[in-house]
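**Student:** Below you'll find the structure I mean.
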């Protein structure tokens, strides 16, 4: 079961967004509820099943969905609360819609959450803002992505990586060791066909920036 979780970053219409498999459940995390109207306007009919959070960033927003209100003094982000709501409803694959371009601390926390959900719980997780995409990469979660030719692809080493292999790009790698935070694997280029990524040890985030039409 696929869940879309609407979070508070930017959201841009794109063919890749239109091509996403439609969700079985949609959860809005606080201010991410504003994306519901955008998605409807773009012809993506994805009714919201629940709206969760402390509602400190959703002033003036209206959404026809049940609200799950939490106190502002809490130990989880609104995105984490939305994940819990999605998983309670049976979701095994998560797509965070509006994942990039918001507050840096929230964006980074969301990326680390995606890694934790993949590593600890074995979930497939996608991060997207339409114009930018991301996927956790761990030893147990090799990737095969249908990224468009010419897109910029980076592997961001959250920890030291051992045995990183990368195919379908201008500069492929085989069993490479990459230090944490290294710029070596930033700004590669998709060549066409599937992009493959795997590693033996470590944690990384693979990001893709497609070239969007004007």
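**Student:** Work out how much length residue 74 to residue 200 would gain on full extension: take 0.36 nm times their residue separation and subtract the Cα-Cα distance, in nm to one decimal.
**Tutor:** Values: separation 126, 0.36 × 126 = 45.36 nm, distance 3.61 nm.
My answer for the length gained is 41.7 nm.
**Student:** Return the FRET efficiency for the residue pair residue 112, residue 37: r is the Cβ-Cβ distance, R0 is 30 Å, and the value is rounded to the nearest 0.05.
**Tutor:** Result of the calculation: an efficiency of 0.55.
**Student:** When a/c is below 1.5 the answer is rounded, else prolate if a/b is larger than b/c, else oblate, so apply that to segment 137-209 with a ≥ b ≥ c taken from the square roots of the Cα gyration tensor eigenvalues. Present the calculation step by step, with values, prior to reporting the outcome.
**Tutor:** On the way: a/c = 1.85, a/b = 1.50, b/c = 1.23.
Prolate shape, in that a/c is at least 1.5 and a/b is the bigger ratio.
**Student:** While we're looking at this one, here's another question. Provide the percentage of antiparallel DSSP beta bridges, counting only those with both residues in the chain; round to the nearest 5. Before the final figure, lay out each step's value.
**Tutor:** Values: 26 of 46 bridges.
For the chain, the DSSP antiparallel bridge percentage is about 55.
**Student:** FRET efficiency for residue 104 and residue 171, Cβ-Cβ distance as r, R0 = 35 Å, nearest 0.05? Before the final figure, lay out the partial values.
**Tutor:** On the way: r = 28 Å, r/R0 = 0.80.
After rounding, the FRET efficiency stands at 0.80.
**Student:** I've got another one for you. Cut-off is 10 Å between beta-carbons; in what order do 121, 78 appear when sorted fewest neighbours first?
**Tutor:** Values: 121 12, 78 26.
Listing 121, 78 from fewest to most nearby Cβ atoms yields 121, 78.
**Student:** Still on this structure, I have one more. So for the chain, what percent of the C-alpha to C-alpha distances run longer than 26 Å? Display every interim value, and only then the final one.
**Tutor:** Numbers: 7699 of 22791 pairs.
Value for the chain (Cα pairs over 26 Å): 34 percent.
**Student:** Let me ask something else. For a quick check, take a GNM of the chain with Cα springs below 10 Å and name the residue from 30, 56, 177 with the largest mean-square fluctuation.
**Tutor:** 56
**Student:** Here's something else I'd like to know. Could you work out the relative contact order of the chain? I mean the mean sequence separation of Cα pairs under 8 Å and 6+ apart, divided by the number of residues, in percent. Don't skip to the answer; put the middle values down first.
**Tutor:** Values: 514 pairs, mean separation 41.8, N = 214.
Relative contact order here is 20 percent.
**Student:** Expressed in nm to one decimal, what extension gain is obtained for the pair residue 67 and residue 121 from 0.36 nm per residue of sequence separation less their Cα-Cα distance? Please report the intermediate quantities before stating the final value.
**Tutor:** On the way: separation 54, 0.36 × 54 = 19.44 nm, distance 2.62 nm.
Separation in residues times 0.36 nm, less the Cα-Cα distance, equals 16.8 nm.
**Student:** Give the separation of the Cα centroids, segment 151-182 to segment 73-125, in Å.
**Tutor:** Centre-to-centre (Cα) distance: 24 Å.
**Student:** Mind pulling the angle between the C-alpha long axis of helix 78-88 and the longest principal axis of the chain? Nearest 10 degrees, somewhere in 0 to 90.
**Tutor:** That helix lies at roughly 90 degrees to the long axis.
**Student:** Which of rounded, prolate or oblate describes segment 98-166 when judged by the alpha-carbon gyration tensor and an a/c cut-off of 1.5? Please list the in-between numbers first.
**Tutor:** Details: a/c = 1.55, a/b = 1.08, b/c = 1.44.
Oblate shape, in that a/c is at least 1.5 and b/c is the bigger or equal ratio.
**Student:** For the chain, what does -39500 (n - 2.57) per DSSP helix run (n ≥ 4), summed and divided by total residues, give at 222 nm, in deg cm²/dmol to the nearest 500? Don't jump to the answer; show the numbers that get you there.
**Tutor:** Working: 4 runs with 40 residues, N = 214.
Here the helix-only value at 222 nm equals -5500 deg cm²/dmol.
**Student:** Any chance you could give the angle, 0 to 90 degrees and rounded to 10, that helix 104-121 forms with the longest Cα principal axis of the chain?
**Tutor:** That works out to roughly 70 degrees.
**Student:** Let me ask something additional. Could you calculate the contour length gain from residue 22 to residue 54, that is, 0.36 nm times the residue separation minus the distance between their Cα atoms, to one decimal place in nm?
**Tutor:** Details: separation 32, 0.36 × 32 = 11.52 nm, distance 2.71 nm.
Net length gain for the segment: 8.8 nm.
**Student:** Is the shape of segment 60-108 best called rounded, prolate or oblate, per the rule: a/c under 1.5 gives rounded, else a/b larger than b/c gives prolate, else oblate, with a ≥ b ≥ c the square roots of the Cα gyration tensor eigenvalues?
**Tutor:** The shape class here is rounded.
**Student:** So, one more: Under a crude label model (7 Å from the Cα following the beta-carbon direction), how far is residue 89 from residue 187 in nanometres?
**Tutor:** Label at residue 89, label at residue 187, 4.1 nm between them.
Since every read-out is calculated from the coordinates, none of them should be taken as a lab result. These numbers come from a predicted model, not from an experiment. Counting neighbours? That spans all protein chains shown, and the Cβs are built from the backbone with ideal geometry, glycine included.
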